[in-house]
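K.L.:
My questions will all concern the structure given below.
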Amino acid sequence: MTEWIDLYIALIGHEPEPKQILLVTLTPLFLLTLGLEYLAQRRRGRTGMFRRGDIVTNLSLGASYQAVEMLYHVIFLGAALAFAYQFRLTTIEMSLGMWAVLLFAQEFFYYWFHRGSHRIRWFWCAHVVHHSSEHMNLSTAMRQSMTYSLNFSQIFWLPLILIGFPPTAVMVAYSINLAYQYFVHTEAVGKLSPLVEGIFNTPSHHRAHHGRNPIYIDKNYGGILIIWDRLFGTFQPELSEQPVEYGIPRQIRSHNILTLNLHEWRDMFRDVLRPGPLWLRLQHLWKPPEWQRPATTAPQQPLEATL
């Protein structure tokens with residue numbers, strides 16, 4: 001691990017973000033388990049979810065996401081988090097117990113980050129990339145957007161830093177959350193015990209989350225835990241009578257990573273620029289993705305109605 005960090009520092013002149021250290025270090029494990037998943041599904045005669053073009057696209061999106069995140073940390077994020085930390089309410093010394101508290105608190109804020117990424121179009125423009133595959137296997141977890149860095153979604157972690165958790169610790173907790181989620185992107189694992197399914201985000205819960213069926217849309221936002229979904233009314237179990245259809249309502253079928261990264265941004269700004277009252281046009285930025293402007297003029301009355 002230290003070799004690539006030393007190379008990174010030599011090339012960039014700046015230490016990498018802790019999140020990237022963990023995720024890049026775990027990449028060989030991610031690829032190994034992807035291979036094992038394929039072998040397991042092949043033995044079952046169920047390899048339809050493995051499409052070469054789709055997997056190559058997923059890996060390309062993951063690599064481009066990591067590259068942009070590293071650059072973003074060097075240019076802006078590292079300094080921004082350090083600046084915010086100056087205004088902390090207290091200073092929290094990290095111990096084993098405080099790491100447990102941070103991981104639990106981070107999961108709470110991850111829930112709202114994830115929910116916001118679905119229900120606020122500005123954030124959906126980045127997150128839509130992750131949901132745009134019509135297949136589910138472990139490589140789908142790598143299907144990430146380069147534009148997460150551009151939509152300032154890091155504001156969801158700001159409360160943790162202002163409370164007093166060190167920015168490095170916050171990003172490590174975030175990376176642990178993401179690393180866990182890699183392993184729930186699979187059809188190779190069925191439903192687990194009721195106790196596990198009741199507390200944790202599982203492959204079954206996350207398959208439902210990736211569904212474009214009306215019953216599954218905007219459900220199961222948890223990262224490691226599913227308790228916040230149960231508490232806030234966004235939980236939906238995977239149903240045998242409702243097989244999950246993966247993808248997005250307005251499906252885009254492309255392997256071009258620029259198209260996949262930018263299509264929703266293009267559509268959102270196109271909606272903003274359409275003629276109409278400025279206040280309504282701007283609402284396309286923060287309303288849900290499916291929101292449409294209400295009519296701004298009264299319908300014309302039939303001529304005979306005025307006689």
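K.L.:
In Å, what Kirkwood hydrodynamic radius results for the stretch 45-116 from the alpha-carbon pair distances?
P.N.:
Values: mean 1/r = 0.0618 Å⁻¹.
Final number for the Kirkwood radius of the stretch 45-116 is 16.2 Å.
K.L.:
Against the longest principal axis of the chain, how steep is helix 96-119, in degrees 0 to 90 to the nearest 10, with axes from Cα atoms?
P.N.:
The two axes meet at around 20 degrees.
K.L.:
What residues have an amide H closer than 5 Å to that of Y246, excluding those fewer than 5 places away on the same chain, when H is modeled at 1.01 Å from N in the peptide plane?
P.N.:
R212
K.L.:
Another question, then. In terms of the ratio Rg/(2.2 N^0.38 Å) built on C-alpha atoms, what value belongs to the stretch 7-135? Before the final figure, lay out each step's value.
P.N.:
Values: Rg = 18.6 Å, N = 129, 2.2 N^0.38 = 13.9 Å.
Its radius of gyration relative to the 2.2 N^0.38 Å reference: 1.34.
K.L.:
May I pose another question? Which residues' amide hydrogens lie under 5 Å from the amide hydrogen of I226, considering only partners 5 or more residues apart or on another chain, with H built in the peptide plane?
P.N.:
F200, N201
K.L.:
So, one more: Rounded to whole Å and sorted largest first, what semi-axes of the equivalent ellipsoid does the C-alpha gyration tensor of the stretch 144-272 yield via the square root of 5 times each eigenvalue?
P.N.:
On the way: eigenvalues 128, 117, 37 Å².
So the three semi-axes of the stretch 144-272 are 25, 24, 14 Å.
K.L.:
Output the relative contact order of the chain, whole-number percent, from Cα pairs under 8 angstrom with separation of 6+ residues. Show your work: numbers first, answer last.
P.N.:
Details: 392 pairs, mean separation 64.7, N = 307.
21 percent.
K.L.:
Pairs of alpha-carbon atoms within less than 8 angstrom and 6+ residues apart define the contacts here; what relative contact order does the stretch 162-307 have, in percent? Could the numbers behind the result be given before it?
P.N.:
Working: 127 pairs, mean separation 20.6, N = 146.
In percent, rounded to a whole number, it is 14.
K.L.:
Note the direction-averaged projected area, equal to a quarter of the hull surface, for the Cα convex hull of the chain, in nm². Numbers along the way, then the final one.
P.N.:
Details: hull surface 86.3 nm².
Over every viewing direction, the Cα hull of the chain projects on average to 21.6 nm².
K.L.:
Sticking with this one: Bin all alpha-carbon pair distances of the stretch 196-288 at 5 Å intervals from 0 and give each bin's fraction as a whole percent.
P.N.:
Percent of Cα pairs in each bin: 3, 12, 17, 14, 15, 15, 13, 7, 3, 1, 0.
Read-outs: derived from the displayed coordinates by stated rules, not from any lab. What you are looking at is a predicted structure, and each value in this text was computed from that prediction instead of being measured.
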